[in-house]
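Scroll down for the structure; my scribbles are underneath it.
The values are calculated or read from the model by the stated rules, or taken from the named source; none is laboratory data. Since the model is a prediction, treat every value here as computed from it, not as a measurement. Ideal geometry is used to build each Cβ from the backbone, glycine not excepted, and the neighbour counts take in all protein chains shown. Each accessible area value is taken on the protein alone, full model and side chains, heavy atoms only, with ligands, DNA and RNA left out. Shrake-Rupley method; radii C 1.70, N 1.55, O 1.52, S 1.80 Å.
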Amino acid sequence: MRGVDEEKVKANNAIRTSKYNIFTFLPLNLFEQFRRLANAYFLFLLILQMIPQVSSLSWFTTAVPLAIVLSITAAKDASDDINRHKCDKQVNNREVEVLIDGELKKEKWMDVQVGDIIKLENNEFVTADLLLLSSSEPLNLVYVETPPNNCLDKFKGTLTVNGQAYSLDNDRVLLRGCTLRNTEWCFGLVLFGGPDTKLMQNCGKTVFKRTSIDHLMNILVLAIFGFLATMCAILSICNAIWEANEGSAFTMFLPREPGVSGSLSSFLTFWSYVIVLNTVVPISLYVSVEIIRLGNSFFIDWDRKMYYPKNNTPAQARTTTLNEELGQIKYIFSDKTGTLTQNIMTFNKCSINGKAYGKQLGERVVDFSWNQLADSKFIFHDHSLVETVREGNPEAHAFFRLLALCHTVMPEEKKEGELIYQAQSPDEGALVTAARNFGFVFRSRTPESITVIEMGRKVVYELVAVLDFNNIRKRMSVIVRSPKGKTTLYCKGADTIIYERLHPSCSNLMKVTTDHLNMYAGDGLRTLVLAFKNLEENYMEEWRKRHNEASTAMEGREERLEELYEEIEKDMTLLGATAVEDKLQDGVPQTIEQLAKADIKIWVLTGDKQETAENIGYSCNILREEMNEVFIVAANTAGGVRRELQVNFDICHWSFFSHAFRSARRKMCPDAAEEPSVIKARAGLFWLKKTETVQDEKVNGEYAMLINGHSLAFALEEDLELELLRTVCMCQTVICCRVTPLQKAQVVQLVKKYKQAVTLAIGDGANDVSMIKAAHIGVGISGQEGMQAVLSSDFSFAQFRYLERLLLVHGRWSYLRMCKFLRYFFYKNFTFTFVHFWYAFFCGFSAQTVYDEWFITLYNTVYTSLPVLALSLFDQDVNDRWSFQHPQLYAPGQQNLYFSKKAFVNLTVLSCYSSLVLFFVPWAAIHDTVRDDGKDIADYQSFALFAQTCLLIVVSIQMCLDTYHWTAVNNLFIWGSLAAYFAVTFTMYSNGIFVILPSAFPFVGQNTLNLPNVWLTIVLTSLLCILPVVAYRFISMQIRPTINDKVRHRARKELPPTPSLRRPVRRVSTRRSGYAFSHSKGYGDLVTSQRFLMMRPVKSQAMQFSHIAPTES
Amino acid sequence: MGKEKSKSGPLARRPDNSAFKQQRLPAWTPMLTASTVLPSFYLLALICMLLGVWLLLTVQNTQEMKVDYTEAGSCNLCFEMRKNVSNAGQKCTCMIMFSIEKAFKGDVFIYYGLRNFHQNLRRYMDSRDDGQMLGRKSNLKSPSSYCKPFDVDEKGVPIAPCGAVANSMFNDSFILTYYTINGPTVVPLLRKGLTWYTDKNVKYRNPKMDNLTLPEVFEGTTRPPYWQKPVYQLDPFDPNNNGFINDDLLVWMREAAFPNFKKLYGFLYRANKPFTKGLPAGNYSVAISYNFPVQYFKGRKEVVLTTVSWFGGQNHFLPIAYLVTSGLILLTAVVLTVVWWKFGKDGKNMAD
């Protein structure tokens, strides 16, 4: 209804997520890049080099590497931005039908304006934030799954029509970024467009994650700056002394520059040395680190063993800057549903009137084709049950009739015979589907009736009452009246609860059924007990009256209803029990076992009930029968009491928890100190960050702890959190159940804060987003529950079991490679730089370099960059199979062994030694001798070439020593780089280049590198630099071989182990399992409510709205 | 992250099964094992030992003689005289006697050595114009600013060759005399072929002559302030050894890396007796035209005579270093063997 004149007045719906356009790219990108400390530093250096008095190196020595670094980064940024542009363009050009002048016209998304009325169709993305006006669907259910951000689910507005104001709330608003599902069409009024939509308003800043190596690197770079300043200060002081003693006399041959005195000259020398020694701060460090991480991320994307063919999902490294942290994980926080389990419930077994039915080995799948309405996906293995039903066994009929009647499932029948059940919990769906296949098809419902096709015969039951499920009742019942006028109560619920309410005559049946229940529990199945009761008409009438009164009562409604339910649900007759399997994802127990062997602690954080969580804990092997004890910290309180007794309650809970934790601790470790040992330290840049670390304590035996969300809320308060953490960390396994998304994040934060350990959170649903964002690394399972978890994750894949490969193979390799890279990188740069330091003592501290300028320029960028890149992309200590065979290989990463401050000091000492050898051996070898043709050899240019050849060969051999895994690429790059060096040396010093750059070092190559003297010295320096390292490594490998050495040793001798067969873990258990119900309140209210009556008229606002799918990302 | 493939189907996004992408590239995985490390240490020790001995024997066959003449003998007078700058124009010659105990066999090279002269100062090394010495006319007339303050004289006339390096060129000369029973004989020296071929023929060139004589080419330029002769008169005997391709100049222009250095002055002309086999043993004198002042930088000057072997002049460092290294490697090898014997031999440590 857009008026023509109104066009272009209001904001349009175009969005822009890109950062640059063609004109702003260069200035903006450069600005961004120079905000990084390292880049700014090199810009500063470049400016220093422009000052002739200071410039000890030509400008290109800094400009060339800086340009390379900047352009690599710029190229990456540009390609990212081009992708964003494409994405924006695609989104902005999507078409939608807009009502203009009473007609529907196709418009591009970006032309949609606020105030437009648009029509959406099934499976379309929602164009903008809409006010829902009407839709095709008569369904009374409105699922609105909003993104997890709290602000998103608030909306307040007023609609004024003809002077009358209607209030609008969130129920009537459709948010951009969602997808319409199961709805033919709907109309909406655009409220906010483009950048004003809630999605765009909320997708702003995501937390920038940095790895611990990043932090360490920043500290080291800072330390190196300090070190550089110290070296330069020493040299400039020496220069002052030298100038005073010798330099002043030499002014005869080299007059000072006008206006430069001895002291000023030493000041200038300081800056000159800043330039000469700048290579200690490696310019290409950051960019190389990024490239390595990117490469290792690609390997994750490419990994076929992390590809899930069933839904065509490869693993994805969504954040490419965290790889090496995957090799350092100490804690995993896992969601349950959809992560450990498939969130698929299957009706596996049942016990009807004392007879157990269910899976029997080797039996064929039951054929349900006799039943027109059967669900073809339903699989059952026991033929005898079908026969029993078809024979007309009354108990079996009652059993399935109950399943077909007693639930809150909504049916949907788009086409005749094509039934779809919308169940609130998958358990219920499984049960109703089972009934359907066995001939009791739940067809449709109204608030007053339920239609069931019983063995092909249509029966309409009058629905008298729904006695809904809640957490305290742990059961649900329906009261129905059959067409014959018989009133019956059907009830299903947890075994303990139902057993209390059975008629004494059932006691024999109870015994048999209990045996069956124990058997099911042993298999890790979720069970429900079914019972019924025939009601007398008179009593029913009277009860119904009281029920009506109670449900309309203003005061104490809940309590009164409760009493009524309690009254009627007793003396029931037992029918049997159902066993539903909460299917684990493939390989979950094995993966967990492997990760546990790698000393990774797994905590399960789930919103599920305690029983469910416990049950899954057992079935996926994190809880084990042989554990010494499973502590359960569960405080259950009713809401009302709590509010009144807030103060007392808090106090008594504090002591309760404190006591609970202490006693648990005493059991686990009798001689643990009362107070936690907290190590306080300072870390971070300038040691500004205070850290507190709770020490790990030794525990005898294996323990586990189960804690529920309510208790957690208390335990997470200031004064208890240390108690909690300390106790919980003594346990092998921790399961937190009934936790809110916020609590999930809090638990992660707590461990991050006090353990200084690397954490990983894995989940699949919107409620895991907070935890995924809070942890160092977030992993999203791309599965059934939408995409939110994946969108906010750093890595994503389809199956929990891929986590093993991600950590034990990719993570470990990435960590190993990154550490090797950093160690080698610092080593080669330090060695390079320290040689200049030693030379200062021979050249009057005049900031003369040892190497020639082109070598300085190319050393980092050409000669040594590719080999180290190959090392850090392809190196493997042992292959993936060995990694799986020995999960203990993961431990060095957790302990930060390969690159720490200590390792840094070691490599500094080593490079100091190497630089001494690399300077003084060539010096001693040539300073007082001549060439074999009698000409002098100790000229500056020859010495420079000589020293740089020694250096390059030594660092290349060092590289060879560090390479464990020699692929063709490694060979190519190492030998290629050396070849390139000699090629460049000879071309650089040739006629052609000489004419262009007469001041370069012409012809040194051919005049120097042909001398035997030179090669003898190169061999000597190599021996002196490398052999000590070899000897040290050999000795430590003999005396104290690391796990790594051991496995490498084995891997050389033996064939790689074949991947072990994934055998399902069979468990003998006496434990009674949890019951099959979802944890939240049922739909009872809804299916009987008045809103249900409004379903047919067009004015209904019902929507089926179940997926939030990514549109802008 | 990876580019989406255009193929479709249920396995459309399955990654390629290439050895590269699956990180299964064939590879060689060496490891430091006793069977490789220990033998190679012993072998290296042996090789170093043999090399060291061989080098030592070679070095023993070379001879070197250094005569410091800074203030020795009659040069003392010259040394005192040069202390005063106002005497720079005056000539001063002195003579030093020395004797050679054992004949120098084969080619004999004569060097001048300077101690504590920093040809490697950054600003000193930069103070030259390679373009000018390559014979570029433009640089000849307007030398590079790097040459300051030796680019132009007070009148603004460009200096050729410009810069501190050229200006400070060593300008002592030597005449070596051998005293036989028949009386003194001047030792014939060759003063050409002292430089690298590339320096003489490529790196340094006189400006284009175009039928002009050398002095004409250099017209409009002046000599460096400390020089006594212009660049085109450096060699009075050979007009082709003048200008920017004069051997002495080129030798000087190849700056030394360290403050103590020696540079080639000439070599023995062995055509006539008694020098056909080298320098015979006996008494010698060297007459020095003493020009170069060293007192400013507390330096020393010396004349060096040496013979060479296949691996250069006399240098005891390399043979000794090889012998010492050989000893160290042997020692390490023994330690490694002991360690291996005690800890690693049975493989118990390596077993899981």
### Qualifying positions in the range A:1005-1028 - surrounded by fewer than 21 Cβ atoms within 10 Å (Cβ to Cβ), more than 10 Å from chain B (Cβ to nearest Cβ) and farther than 21 Å from A:ASP928 by Cα
A:SER1022, A:ILE1026
### Query
Does the range A:376-386 contain any residue that is modelled with pLDDT of 80 or more, open to solvent by 30 Å² or more (accessible area, probe 1.4 Å) and assigned to a helix (DSSP H, G or I)?
yes
### Task
Report whether or not A:ILE241 is at pLDDT 85 or above and within 14 Å of another protein chain (Cβ to nearest Cβ).
no
### Query
What number of residues within the range B:309-352 are outside any helix (DSSP H, G or I), more than 21 Å from A:THR1017 (Cβ to Cβ) and more than 7 Å from chain A (Cβ to nearest Cβ)?
5
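Picking from A:GLN888, A:GLN948, which residue would you name as being within 14 Å of chain B (Cβ to nearest Cβ) and over 25 Å from A:GLY1005 (Cα atoms)?
A:GLN888 is the lone residue from the list that is within 14 Å of chain B (Cβ to nearest Cβ) and over 25 Å from A:GLY1005 (Cα atoms).
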### Task
Examine the range B:62-77 for a residue that is loosely packed, with under 13 Cβ neighbours inside 10 Å and more than 9 Å from chain A (Cβ to nearest Cβ), and state whether such a residue exists.
no
### Spans of strands (runs of 3 or more DSSP E) in the range B:100-187 with at least 1 residues within 27 Å of B:THR70 (Cβ to Cβ) and within 23 Å of the chain's Cα centre (by Cα)
B:109-115, B:173-180
### Query
Name the residues in the range A:455-473 that are surrounded by fewer than 12 Cβ atoms within 10 Å (Cβ to Cβ) and under 46 Å from the mean Cα position of the chain (by Cα), would you?
A:ILE472
### Task
Could you check, for the range B:35-53, whether at least one of its residues is surrounded by fewer than 16 Cβ atoms within 10 Å (Cβ to Cβ), touching a residue at least 40 places away in the same chain (Cβ under 8 Å) and facing chain A (nearest Cβ under 8 Å)?
no
### Every residue from the range B:333-343 that is touching a residue at least 40 places away in the same chain (Cβ under 8 Å) and either surrounded by fewer than 21 Cβ atoms within 10 Å (Cβ to Cβ) or touching a Gly at 6+ places or on another chain (Cβ under 6 Å) (or both)
B:THR337, B:TRP340
#### Entry: Lone unmet requirement of (1) among the acidic types (Asp, Glu); (2) surrounded by fewer than 17 Cβ atoms within 10 Å (Cβ to Cβ); (3) in contact (Cβ under 8 Å) with a residue 40 or more places away in the chain for A:GLU567
(3)
### Query
Taking strands (runs of 3 or more DSSP E) that do not extend beyond the range A:67-158, which have at least 1 residues that are modelled with pLDDT under 75, touching a strand residue (DSSP E or B) at 6+ places or on another chain (Cβ under 6 Å) and within 30 Å of A:ALA423 (Cβ to Cβ)?
A:129-135
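Going by what's in this entry, would A:MET231 be described as touching a residue at least 40 places away in the same chain (Cβ under 8 Å) and either more than 14 Å from chain B (Cβ to nearest Cβ) or not in a helix (DSSP H, G or I) (or both)?
Judged against the criteria, A:MET231 is a match.
More than 10 Å from chain B (Cβ to nearest Cβ), at pLDDT below 90 and either open to solvent by less than 20 Å² (accessible area, probe 1.4 Å) or in contact with a strand residue (DSSP E or B) (Cβ under 6 Å, 6 or more places away or on another chain) (or both): is that true of A:ASN1044 in this structure? Explain how you work it out, then say what you get.
On the way: more than 10 Å from chain B (Cβ to nearest Cβ): yes; at pLDDT below 90: yes; either open to solvent by less than 20 Å² (accessible area, probe 1.4 Å) or in contact with a strand residue (DSSP E or B) (Cβ under 6 Å, 6 or more places away or on another chain) (or both): yes.
When the stated conditions are applied, A:ASN1044 passes them.
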### Task
Among what's in the range B:277-332 and is farther than 30 Å from B:ILE47 by Cβ and among the hydroxyl-bearing types (Ser, Thr, Tyr), pick the residue that is surrounded by the fewest Cβ atoms within 10 Å (Cβ to Cβ).
B:SER289
### Task
May I ask you to say which residue of A:THR339, A:THR319 is open to solvent by 30 Å² or more (accessible area, probe 1.4 Å) and not in a strand (DSSP E or B)?
A:THR319
### Task
Could you look through the range A:459-517, keep only residues that are touching an Asp or Glu at 6+ places or on another chain (Cβ under 6 Å) and basic (Lys, Arg), and pick out the one that is nearest to A:TYR357 (Cα to Cα)?
A:ARG501
### Summary
Given the conditions (1) part of a loop (DSSP other than H, G, I, E, B); (2) surrounded by fewer than 18 Cβ atoms within 10 Å (Cβ to Cβ); (3) under 19 Å from the mean Cα position of the chain (by Cα); (4) not β-branched (Val, Ile, Thr), every one holds for B:ASN201 apart from (1)
### Whichever residue in the range A:922-945 is more than 7 Å from chain B (Cβ to nearest Cβ) and either of a type in the set (D, E, K, R) or within 54 Å of the chain's Cα centre (by Cα) (or both) and, among such residues, is surrounded by the most Cβ atoms within 10 Å (Cβ to Cβ)
A:PRO922
### Summary
Within the range B:290-308, residues being more than 7 Å from every other protein chain (Cβ to nearest Cβ) and farther than 18 Å from B:PHE267 by Cα number 9
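Among the residues of the range A:213-257, which ones are under 30 Å from A:ILE329 (Cβ atoms) and open to solvent by 40 Å² or more (accessible area, probe 1.4 Å)? Show your work before the answer.
So the first thing to find is which residues in the range A:213-257 are under 30 Å from A:ILE329 (Cβ atoms), and the list is A:213-224.
The answer is A:HIS215, A:ASN218, A:LEU222, A:ALA223.
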### Query
Can you name the residue in the range B:228-247 that is outside any helix (DSSP H, G or I) and surrounded by fewer than 18 Cβ atoms within 10 Å (Cβ to Cβ) and is also modelled with the highest pLDDT among such residues?
B:PRO230
### Task
Tally the residues that are more than 7 Å from chain A (Cβ to nearest Cβ), touching a residue at least 24 places away in the same chain (Cβ under 8 Å) and either among the basic types (Lys, Arg) or surrounded by 20 or more Cβ atoms within 10 Å (Cβ to Cβ) (or both), restricting the search to the range B:128-145.
8
